[in-house]
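The values are calculated or read from the model by the stated rules, or taken from the named source; none is laboratory data. Since we're looking at a predicted model, the values are computed, not measured. Using ideal geometry, Cβ is built from the backbone for each residue, glycine included, and neighbour counts are taken over all protein chains shown.
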Amino acid sequence: MSFKSKFKTPNLANNIANALTASRIVLAPVFALCLLYTDKYPYLHFWAIATAGIMILTDCFDGLIAKKWGKPSTLGSFLDPVADKISIDVAFVVISIRYNFPIWATIIVVSRDLFVLGAWCFFLLVLEESFVVVPHLFGKLMVTAQAMTVVFVLLRLPERLSAEVIKWGWRTTIFFSIASLAIYAINIKKYRKSVEPG
């Protein structure tokens, strides 16, 4: 069997997709360290941008490979949101440390992600039920605001403009984080009612 035909088998495709997803978790602390030490070692800023770019590419390709050649898997459905949340949460923690980003805003972002992941784990591991976290508009807008905030920080805009962008970033992120959290809480409540007997 050729590599091309092997690649199209669900097991191999899923393994490749999961490996790409897991690489984001591995690269998250690398990105954080590069960004933390850019003042002392300016060349690390380039590596922070490169690491962020690789993480974005893996996020695009893991989903593409899994959808086109793989098949639905519990591991993949768990790893992908975990990798996404670890990546963005680590980035926001670093931004809070190095830049004028409110720590309480980062706490809200991280707490929201922990709630969603905790609910998913509770249904899957404790209740042995599959609760699918379906992306919704506010969640997508939240991720967009988060990603844009990180990108603008990496662009090293002039100080005054950078401060305004970061201020816009955390306000928008907090709004969509709270809104999406409320939607997830409502969906969880509806799901529990739908599976309750009687």
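Each row is one residue, and each column tells you yes or no for (1) of a type in the set (A, V, I, L, M, F, W, C); (2) under 27 Å from residue 167 (Cα atoms); (3) more than 15 Å from the chain's Cα centre (by Cα).
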residue: 14; (1), (2), (3): no, no, yes
residue: 22; (1), (2), (3): yes, no, no
residue: 27; (1), (2), (3): yes, yes, no
residue: 38; (1), (2), (3): no, yes, yes
residue: 54; (1), (2), (3): yes, yes, no
residue: 65; (1), (2), (3): yes, no, yes
residue: 68; (1), (2), (3): no, no, yes
residue: 100; (1), (2), (3): no, yes, yes
residue: 103; (1), (2), (3): yes, yes, yes
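Taking helices (runs of 4 or more DSSP H) as the structural unit, those lying wholly within segment 1-108 and holding at least 1 residues that are surrounded by 17 or more Cβ atoms within 10 Å (Cβ to Cβ) and modelled with pLDDT under 90 correspond to 10-36, 44-68, 74-98. In the set 98, 112, only one residue is under 25 Å from residue 187 (Cα atoms), touching a residue at least 60 places away in the same chain (Cβ under 8 Å) and among the basic types (Lys, Arg); that residue is 112. Can residue 113 be described as in contact with a Lys or Arg (Cβ under 7 Å, 6 or more places away or on another chain) and at pLDDT 80 or above? Criteria met by residue 113.
Annotation note: Cβ proximity below 9 Å between a residue of segment 16-43 that is acidic (Asp, Glu) and a residue that is in a helix (DSSP H, G or I) (sequence gap 6+ or interchain) occurs for 39/98.
For (1) at pLDDT below 75; (2) over 22 Å from residue 189 (Cα atoms); (3) of a type in the set (Asp, Glu), each residue gets a yes or a no:
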residue	(1), (2), (3)
121	yes, no, no
132	yes, no, no
146	no, yes, no
158	yes, yes, no
167	no, yes, no
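Does residue 137 satisfy the condition of being of a type in the set (A, V, I, L, M), closer than 28 Å to residue 50 by Cβ and modelled with pLDDT under 80? No.
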